[in-house]
Amino acid sequence: MQAMNVVVCVKQIPDPAAPASLDESTHTLDRTGKLILDDSDSYGVEMALQLADTEAGDEVVLVSMAPNGEVSGLRTALAMGAAKALLVSDPVLAGTDALGTAKVLAAAIRRVEPDLVIAATESTDGYTGTLPVQVAEILGLPSVTFAKSISIDGSNVKVERQTEAGYDEVESPMPVVVTVTAGVVEPRYPSFKGIMAAKSKPVETLTVADLGLDASEVGVSGSRQEIVDVSEAESRSGGEIVVDEGDGADRIVAFLEQIKVI
Amino acid sequence: MYEWSEEQLAIRDAVRRFVDDEVRPRVELLEHGDEPPYGVIRKFYSTFGLDEIARERFAAQLRRKVAGDGAPARRGGEASAAMTLIAIIELCRCCPGIVTAMGVSTALAAGTVMKSGTPAQMERWGLDLLTFDKIGAWAITEADSGSDALGGMKATARRDGDGYVLNGNKTFITNGPYADTIVFYAKLDDGTVADPRERPVLTFVLDRGMEGLEQSKPFKKMGLHSSPTGELFLSDVRVGKDRLLGEGESEMKGAGRESAKDNFATERAGIAAMSLGVIEECLTRCVEYAKNRLLWGKPIGDFELIQLKLARMEVARLNVENLVFRHIETVSAGKSLSLAEASAMKLYCAQAASEVAMDAVQLFGGNGYMSDFRVEQLARDAKVFQIYAGTDEIQVTHIARDLLSR
């Protein structure tokens, strides 16, 4: 079987453990500092590595976009075992919306000629959840969402796709875009040797022009969506304290039925 | 070197995640239950590929030994030293006992076999100790000879045909209760040297279950509960020459004492990193507590006596971190610390860790005395840094002797 190229779309985000700030004019997240690998992408990286581990010669390539040339998050995924990374970095990308990002990533992915493209279902800083299918549409590829497992069968991919009731068994010809649900695999720790080797793995940096895209298609000017206002979330109410007077279990069941959990 | 590199920070973050996921949730079991630390240590090894690194290092050391190259093997200089020390620091933020159990097995027991053993002995015992497939103990201390370990040693090795008969008891032996492989120091008793203090020290390797060898149950201790410590009792244990490291008394002339002293320097450098882990954890917890604990309507961090404690902790952290960085730079320059330098580093760092941890207990007040807040465990653990691997008092004598000999 011919060696397979697996692309994983990864996002580098501000560390959720550190205090975040918003740009006052665009209401977008300040991304000027150190960025880390989005935790939700670590599952896709792990799944891609598991697929690549089964066949010699298969390679996992990371594709990412960041306005400030940051590679810390990419190094984390390279330390886990990805072979190389392609980073689109350009000041004109600041403020790009989901569709603009999809155009950029699709152009970058096309250069790799992938057999399989894996992405998280959504990022943990933006949560739009629209990017992967936009990438698939731009590339003219089928897409399968919410995968809990992926296997390769010849030139097809078999996916167990999570649903509210259980999972569907879906089969698609490759190349294909598959989104992976968080928590379905245990992302590996990078080994010490992997961490030391990551610094010498290739990270190719491209600009928007390198991809043949026009700057007007990306950034704030190319965005079709605009964040017009941001307001603080309401603080949670204190809840209701129920004293168990022998009917505690019944009252819990009644409450769960009321909110339609059971 | 004044800060960790990007790769070193990545290693730190990965180990920190491992500690949060694998060690913190079971620290109560390790400290106060019946769970020995070896399962966690083996998982640590396999998770980060340390077993694979150990195998490569073993192969390189064996090749050098076979080629007759007596020089110490290069171990990757700065990268290797930093990797080891970062792991020590991070594990010690939560559970210093794990580091003690791991270090004694892989650095002291394995290190002695690899340095003083023949190629056959390295293959027989060294590899399994380096990969942590087997648990090692390093047995030198006796009940009546702690700081005077070499001079006052009473354990004997009496010639018996082609082999020896070993007798004697050892105490305070880390991993003693569970060790598969024991590096055992004893004095040659052949009647030719009248003064027992001057008799040659020989180093043997023993296996668990040998006839005449008894391993005690773990001691109950003030701290470091996750590091099992015990006694060894040897009664007419018969060994062949194949268990004498180097397989010859002439090769071992003076080598037993020297290999022990080499290990003293290794241990002392490691304790600087252990101290840094304890200090960093205490300081992090204390700053957070000082910001959030309210008294008379304001955070206790507003009070100057609390600020004084925090400032002293930060000074200690910077000093100890600088000593760790200095050690890494020394190694990366292909040099090693003298025993006196290692003693000075160990003396300062051990005292700093103990003081910081006790101050952390004080800063937390009543909560500090409760185990839920973790600092009391670190305070109990840090106290041993001033006792094992050479007491504070012995470090003083080594430093002073070196100064006065110039």
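The values are calculated or read from the model by the stated rules, or taken from the named source; none is laboratory data. Bear in mind that the values here come from a model prediction, so they are computed numbers and not experimental data. Cβ: placed from backbone, ideal geometry, glycine included. Neighbour counts: every protein chain shown. The protein model used for the area step is the full one, side chains on, heavy atoms only, and it has no ligands, DNA or RNA in it. Shrake-Rupley method; radii C 1.70, N 1.55, O 1.52, S 1.80 Å.
When chain A is treated as a Gaussian network with alpha carbon springs shorter than 10 Å, the biggest mean-square fluctuation among A:E234, A:E204, A:E169 belongs to A:E234.
Take each residue in A:179-192, count the other chain C-beta atoms within 10 Å of its C-beta, and the mean is 3. When the charge dipole of the range B:258-404 is built from unit charges on Cβ atoms (+1 for Lys and Arg, -1 for Asp and Glu) and taken about the Cα centre, the candidate among B:L294, B:V361, B:Y388 whose Cα reaches farthest toward its positive end is B:L294.
Straight Cα distances below 15 angstrom link B:K309 to the aspartates and glutamates B:E280, B:E281, B:E288, B:E355, B:D359, with same-chain residues fewer than 8 positions distant left out.
For the protein assembly as shown, the solvent-accessible area with a 1.4 angstrom probe is 48 square angstrom per residue.
Positive-end ranking of A:A83, A:V176, B:G212 along the dipole of the protein assembly as shown, with charges on Cβ about the Cα centre, is headed by B:G212. Our coupling estimate for the range B:325-331, obtained by passing each phi through the Karplus curve with A = 6.51, B = -1.76, C = 1.60 and θ = phi - 60°, is 4, 4, 4, 4, 5, 4, 5 Hz, Gly and Pro reported as x.
Of all the options A:R110, A:R251, A:R236, the one that moves most in a Gaussian network model of chain A with Cα springs shorter than 10 angstrom is A:R251.
Of all beta bridges that DSSP places with both ends in chain A, some 40 percent have antiparallel geometry. With a simple spin-label model that places each label point 7 Å from the Cα along the Cα-to-Cβ direction, the separation between B:D21 and B:R312 comes to 3.9 nm.
Just checking the listed ones, A:G238, A:G219, A:G81: in the Gaussian network model of chain A with Cα springs under 10 Å, the one fluctuating most is A:G238.
Hull volume per residue, based on the alpha-carbon atoms of the range B:258-404 and their convex hull, is 112 Å³. What's the long-distance tail for the range A:1-105, i.e. % of Cα pairs beyond 15 Å? Across the range A:1-105, Cα pairs with separations above 15 Å total 64 percent. When only the Cβ of Lys, Arg, Asp and Glu is charged (+1, +1, -1, -1), the dipole of the protein assembly as shown relative to its Cα centre reaches about 2840 debye. The phi torsions of the range A:256-262, fed into the Karplus equation with coefficients 6.51, -1.76 and 1.60 and a -60° offset, translate into couplings of 5, 5, 5, 8, 6, 7, 10 Hz, rounded to whole numbers, with Gly and Pro shown as x.
In the protein assembly as shown, the DSSP beta bridges split such that about 60 percent are antiparallel, to the nearest 5.
Within the straight-line cut-off of under 16 Å between alpha carbons, the aspartates and glutamates reachable from B:K134 are B:D51, B:E52, B:E123, B:D180, B:D207, sequence neighbours fewer than 8 places apart in one chain being disregarded.
Accessible area per residue was computed with a 1.4 Å probe on protein heavy atoms; B:F172 scores about 140 Å². Ligands, DNA and RNA aside, B:K134 has an accessible area near 80 Å² when probed at 1.4 Å. Amide H contacts for A:G129 (H built 1.01 Å from N in the peptide plane; partners 5 or more residues away or on another chain; cut-off under 5 Å): A:S123. Look at the stretch B:44-52: the mean tally of other chain Cβ atoms within 10 Å of its residues' Cβ atoms is 3. On the basis of the beta-carbon distance and an R0 of 41 Å, A:T130 and B:L9 show a calculated FRET efficiency of 0.75.
For the range B:169-308, the Cβ-based charge dipole about the Cα centre amounts to some 560 debye (Lys, Arg positive; Asp, Glu negative; other atoms uncharged). Restricting the range B:33-134 to chymotrypsin sites (Phe, Trp or Tyr not before Pro) that sit in a DSSP loop and have at most 15 other Cβ atoms within 10 Å of their own Cβ leaves nothing. The loop-placed GluC sites (Glu not before Pro) in the range B:1-46, going by DSSP, that have at most 12 neighbouring Cβ atoms within 10 Å of their Cβ come out as B:E3. Which percentage, to the nearest 5, of the DSSP beta bridges contained in the range A:114-196 is antiparallel? Taking every DSSP beta bridge within the range A:114-196, about 60 percent pair in antiparallel fashion. To make sure I understand the rule: partners must be lysines, Cα under 24 Å from the Cα of A:K34, and not fewer than 8 residues away in the same chain. Which ones qualify? Qualifying lysines at Cα under 24 Å: A:K11, A:K84, A:K193, A:K199, A:K201. Expressed as a whole percent, the accessible area of the protein assembly as shown that falls on carbon and sulfur atoms is 51 (1.4 Å probe). With the whole protein complex present, A:R31 retains an accessible surface near 60 Å², based on a 1.4 Å probe.
Given the rule -39500 (n - 2.57) for each run of at least 4 DSSP H residues, summed and divided by the residues of chain A, what is its mean residue ellipticity at 222 nm, to the nearest 500 deg cm²/dmol?
Helix contribution divided over all residues of chain A: -8000 deg cm²/dmol.
Shielding value for A:69-76 is 1, the average number of Cβ atoms from other chains within 10 Å of each residue's Cβ. The average projected area of the range A:134-228, computed from the convex hull of its Cα atoms over all directions, is 10.6 nm². Note on the range B:61-171: dipole from Cβ charges, positive end direction compared against B:V165, B:C92, B:S145; the farthest Cα belongs to B:V165.
Amide H contacts under 5 Å for A:T205: A:L87, restricted to partners 5 or more places along the chain or on a different chain, H placed in the peptide plane at 1.01 Å from N. So how far, in whole Å, is the C-alpha centre of the range B:87-132 from the one of the range A:216-262? A separation of 52 Å, based on Cα centres.
In the range A:60-110, the ratio of gyration radius to Kirkwood radius, Rg to Rh, stands at 0.98 when only Cα atoms are counted.
For the range A:221-232, the Karplus equation 6.51 cos²θ - 1.76 cosθ + 1.60, evaluated at θ = phi - 60°, returns couplings of 5, x, 6, 9, 10, 9, 8, 8, 7, 10, 10, 5 Hz by residue, with Gly and Pro reported as x. Residue pairs exceeding 18 angstrom between C-alpha atoms, taken from B:K220/B:K383; B:K170/B:K383; A:K148/A:K260: B:K170/B:K383; A:K148/A:K260.
Here the Kirkwood formula, the inverse mean of 1/r across different C-alpha pairs, assigns the protein assembly as shown a hydrodynamic radius of 28.6 Å.
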